[in-house]
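Trainee: Have a look at the structure that comes next, please.
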Amino acid sequence: MSSKKELLTIKLKGWDTKFFHRKMGALDFSFNPANPMADSALLRELLKAARAAGYRHIICRVKEGDRGESALLYKCGFKLVDTCVELVKELDSPCDRKGAAQFQIRLCNKKDLPTLKEMASGAFTKSYFYRDRIFKRSEANEMHSTWIENLCKRGAARVFVAQINSQAAGFVSCELKDGAGRIPLIAVGKNYRGRGIARELLAYALEWFCKYTTEVHVRTQAVNDAALSLYRKAGFRRLHKDRTYSTAL
């Protein structure tokens, strides 16, 4: 749905709507700093129409170089729920890991799913799903468990598992989209942290990506110092930062 002249649009978030059992959308708009009052009126009109159309939750992502979008969103009832950093690494060729891993890294299988789902549940508490009050913590946990399950079952994705003493200790997921690589999720089990497993998993993923692409992207929260340090040490550089705003209707 859109407002006048399509300056503001709300696109249905289909997967989220189905999973959370409430109609959810993403707001996109072209802000006019010369006439913010007009944009405010249009946005309020659009949100009113969205509510009438059954929407119950709207998010909006604002990139760096904010010209007044954030102030407009605050004025119309949105709240800041997340600040993320997008990083990219240009891959060298050949892209071989330095030294052998201290443990086995392999492709995931069906037997891994219960462990990986449990691992993913509660592993990403810095994400906006845990900071936005519209979501219950149990919903956020289940969403991430379902996410890794879907990645394991999706033919276009690869999920690699670090195995220690026949147990899955961590995982990294890899996707290829529009000619570039992306790492949607990476996590290590609570009992295995501090052993360099995430570093080894990331190195393994980058080696795999080298066969198919020349760059890899990853997205993480700006407050996730451990993740940012991991990626920067692996040669990733910051591409941009953005903020996510949310409102309940």
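None of the figures in this text is laboratory data; all of them are computed from the coordinates on show. Predicted model, so just to flag it, every value in this text is computed and none were measured. Positions of Cβ are backbone-derived with ideal geometry, glycine not excepted, and every protein chain shown enters the neighbour counts.
Trainee: Quick check: is even one residue across the stretch 50-60 surrounded by 14 or more Cβ atoms within 10 Å (Cβ to Cβ) and over 12 Å from THR247 (Cβ atoms)?
Mentor: Within the stretch 50-60, none of the residues are surrounded by 14 or more Cβ atoms within 10 Å (Cβ to Cβ) and over 12 Å from THR247 (Cβ atoms).
Trainee: Okay, moving on. For the stretch 150-192, give me each residue that is within 17 Å of ARG219 (Cα to Cα), in contact with a helix residue (DSSP H, G or I) (Cβ under 7 Å, 6 or more places away or on another chain) and outside any strand (DSSP E or B).
Mentor: PRO184, LEU185
Trainee: To continue, here is another question. I need the full set of residues from the stretch 209-249 which are touching a Lys or Arg at 6+ places or on another chain (Cβ under 6 Å) and either among the charged types (D, E, K, R) or closer than 26 Å to PHE160 by Cβ (or both), in order please.
Mentor: VAL216, HIS217, GLN221, ASN224, GLY235, PHE236, ASP242
Trainee: Still on this structure: Just for the stretch 134-156: of the residues that are in contact (Cβ under 8 Å) with a residue 24 or more places away in the chain and surrounded by fewer than 16 Cβ atoms within 10 Å (Cβ to Cβ), which one is nearest to LEU91 (Cα to Cα)?
Mentor: Out of the qualifying residues, it is THR146.
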